[in-house]
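Data block below; observations after.
The values are calculated or read from the model by the stated rules, or taken from the named source; none is laboratory data. Bear in mind the structure is a predicted one, so any value in this text is a computation, not a measurement. Every residue, glycine among them, receives a Cβ derived from its backbone with ideal geometry; neighbour counts consider all protein chains shown.
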Amino acid sequence: MAEDIYQPLDQDIHTEPMILQMGPSHPATHGTVRFTLTLDGEKVIKCDTEVGYLHRGFEKECENSTWTQVFPYTDRLNYVSPLLNNFGYALAVERLLEIEVPERCNWIRTIMGEISRLSDHLTCVGAGGLELGAMTAFLYALEGRELVWDLIEEVTGARLTVSYGRIGGVKDDLTEDFADRWAYTRGRLQEIHANTHKLLTRNRIFLDRMQGTGVLTPEMGISYGYTGPVLRSTGVDYDVRKDHPYFMYGEVDFDVPVGDTGDNYDRYLVRMEEITQSIRIIDQCLERMEPGPVNSDDPRVVLPEKEKVYNSIEGMINHFKIIFEGIQVPPGEVYSYTEAGNGELGFYIVSNGTGKPWKIHVRSPSLIMMGGLHHLIEGGLLADIIPTFDTINMIGGECDK
Amino acid sequence: MSKKLIDFVAKHFADEVLDSHSRLGNDTVVLKRDRLPEIVERLRDDESTAMNMLRAITSVDYLNRIPRFEVVYVLYSISKKHMLTLRVVVEEEDCTAPSIHHLYGAAGWMEREVWDMYGVEFDGHPDLRRVLLYEEFEGHPLRKDYAKQASQPRLDLLVRERDSVEEFNVFYKSKPSEGSRDS
């Protein structure tokens, strides 16, 4: 009976959803994060995100440190752009203290902040290429990041955990040959930027993987608290630097790029354009900044000069009190926010009038974006998680605090 | 900064407002907790306020004060570019607050984080789990009476995991490494 061995063609093949654990340390995820996926074939039906593998108790540690000792911890939030965290935290405490920093300090913070943003965006774009198989683009982007880190190293003395911000100023002035070194880095960065465009922007494989995947609508982006390049890619032009200028962003001229579809490709393009804008901001700052002091002259917050510390009793006592008792911040609370690499970085700080913070809450853009990530993943293919997760650019330290 | 938003809340919900002030560029209203979702919804939907984004939810533990906790909501309007901080007082004995997860998508995870760190329960939250810590964690670490160096009890392995460890040990002992030079 030969015909019996053939199955009827119209038979309904029984399938059932499969549960797949992706992570905690999947090679294509930047941070340690676990997705519990329910799959129907290759399609993701449900995604449950689990974070917290890098939790180090940032907020608890801060409550047990003096206000100044918090700076090294903020380095370890978004470790790709630590300077932005330093300055965001310094600004929050300065608002609570109601002190102004000198103009040159604000210029330096703007420059160094944008340099950090360059490093953040280059990493995100390069790693995105790498995960989709474009190793060359990754190497170019990392060369750019190395150059940027060389600049940071020259000014701050460290590459990654810089602790360059101070309450009432910065650690040190820029080095004398900073402008020359920037001129070199700038030229090279523009070449890298152009090369990355050539390698990726019209690349067929890249387009197929990025276009139309991980789509975010503006309404959902706002409701889920998305900020930064991810929200701007949907067409909402919300940028803290433009809407509520701080440091010197009100003085310089720059554009806020927006996308229109809110897919992965738009997020990539927004980040590429922001690299150009950051270079523009740094150029204007270097042109316009004037020599001057970089630290506030308020003896309550800034350490006295070493000469006074060693040669006068007042200087000695002042130094001792700031180091041991901490800066005395008046009681009160403030929510202060800045634009970090991934979005709005907010600090809600409460002081009870002593040298230690009573509470520091970080509004970390990554953690909030992870809260809505399942909407971007559900309904798409399993393989689309890789580009979506990259363009969200979750940074473990910031997300898990 | 104008006090328009504070006046708005005071006008429509006069009975609920405990205190309000505008300091350091932050407009703050301290509220009773029960009608919070209603107030937030009004602030979100009214055209003159249009607070369409929830920036943050957090909590503050004032250890020796009664009421002990405050839950802080930071609302923002992308179109109007104004911000309002709502603070809700929560007592230690009745450590709950109404959930606003149905008004903002972001509130779901933010409320989970507050529950994780402070142990404030949110009524009506569909999925109130820990978010940064693990399920078996005991206590809520950002409470001021949780010592910084406090340690957690060691977890027993699940039966399934323990079995696989024993199985591995038996296998390992019966068969020393093949690459070892002694054998």
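Structure notes:
- The set of residues from the range B:102-120 being farther than 11 Å from A:M370 by Cβ, aromatic (F, W, Y) and free of Cβ contacts under 8 Å to residues at least 40 places away in the same chain comprises just one member, B:W115.
- Taking the criterion of being farther than 24 Å from A:S351 by Cβ and more than 9 Å from chain A (Cβ to nearest Cβ), the residues of the range B:40-73 that qualify are B:V40, B:E41, B:R42, B:L43, B:R44, B:D45, B:D46, B:E47, B:S48, B:T49, B:A50, B:M51.
- First in the range A:95-123 and under 18 Å from A:S163 (Cβ atoms), second anywhere and of a type in the set (F, W, Y), Cβ under 8 Å, 6 or more apart: A:R109/A:F87; A:R109/A:F247; A:M112/A:F87; A:M112/A:Y164; A:G113/A:F87; A:G113/A:F247; A:S119/A:W149
- Any hit, the range A:54-61, residues being under 16 Å from A:M394 (Cα atoms), within 14 Å of chain B (Cβ to nearest Cβ) and either in contact with a Cys (Cβ under 7 Å, 6 or more places away or on another chain) or in a loop (DSSP other than H, G, I, E, B) (or both): yes
- For A:L231, the conditions (1) outside any loop (DSSP other than H, G, I, E, B); (2) under 20 Å from A:F87 (Cβ atoms) all hold with the exception of (2).
- Exactly one residue out of A:V294, A:V252, A:V256 is surrounded by fewer than 19 Cβ atoms within 10 Å (Cβ to Cβ), among the β-branched types (V, I, T) and more than 17 Å from A:I392 (Cα to Cα): that is A:V256.
- Residue check, A:L77 more than 14 Å from chain B (Cβ to nearest Cβ) and in contact (Cβ under 8 Å) with a residue 12 or more places away in the chain: no
- Verdict on A:P102 being away from chain B (no Cβ under 13 Å) and out of contact with any helix residue (DSSP H, G or I) (no Cβ under 9 Å at 6 or more places or on another chain): yes
- Residue within the range A:268-291 that is of a type outside the set (D, E, K, R), out of contact with any His (no Cβ under 7 Å at 6 or more places or on another chain) and at positive phi present: no
- Residue check, A:D237 within 14 Å of chain B (Cβ to nearest Cβ), at pLDDT below 90, surrounded by fewer than 20 Cβ atoms within 10 Å (Cβ to Cβ) and in a loop (DSSP other than H, G, I, E, B): yes
- Count of the range A:344-401 residues which are outside any helix (DSSP H, G or I), in contact with a helix residue (DSSP H, G or I) (Cβ under 6 Å, 6 or more places away or on another chain) and closer than 18 Å to A:V51 by Cβ: 6
- Test: residue in the range A:306-325 that is more than 17 Å from A:V101 (Cβ to Cβ), outside any helix (DSSP H, G or I) and over 28 Å from the mean Cα position of the chain (by Cα): yes
- The sole residue among A:G262, A:G212 that is more than 14 Å from chain B (Cβ to nearest Cβ), at pLDDT below 90 and out of contact with any Gly (no Cβ under 8 Å at 6 or more places or on another chain) is A:G212.
- Checking A:Q277, A:Q284 one by one, the residue that is buried (at least 16 other Cβ atoms within 10 Å of the Cβ) and farther than 30 Å from A:M220 by Cα is A:Q284 and no other.
- A:R56, sole failed condition from (1) modelled with pLDDT of 90 or more; (2) within 25 Å of A:I360 (Cβ to Cβ): (1)
- When the residues of the range A:346-359 are filtered to those that are within 11 Å of another protein chain (Cβ to nearest Cβ) and over 17 Å from A:I99 (Cβ atoms), the one that is nearest to the chain's Cα centre (by Cα) is A:G346.
- Of all residues in the range A:281-319, those satisfying the criterion of being free of Cβ contacts under 8 Å to residues at least 24 places away in the same chain and within 20 Å of A:V70 (Cβ to Cβ) are A:L303, A:H319.
- For the range B:91-119, the set of residues classified as away from chain A (no Cβ under 13 Å), of a type outside the set (D, E) and either more than 19 Å from B:E38 (Cβ to Cβ) or surrounded by fewer than 22 Cβ atoms within 10 Å (Cβ to Cβ) (or both) consists of B:C95, B:T96, B:P98, B:S99, B:W115, B:G119, listed by residue number.
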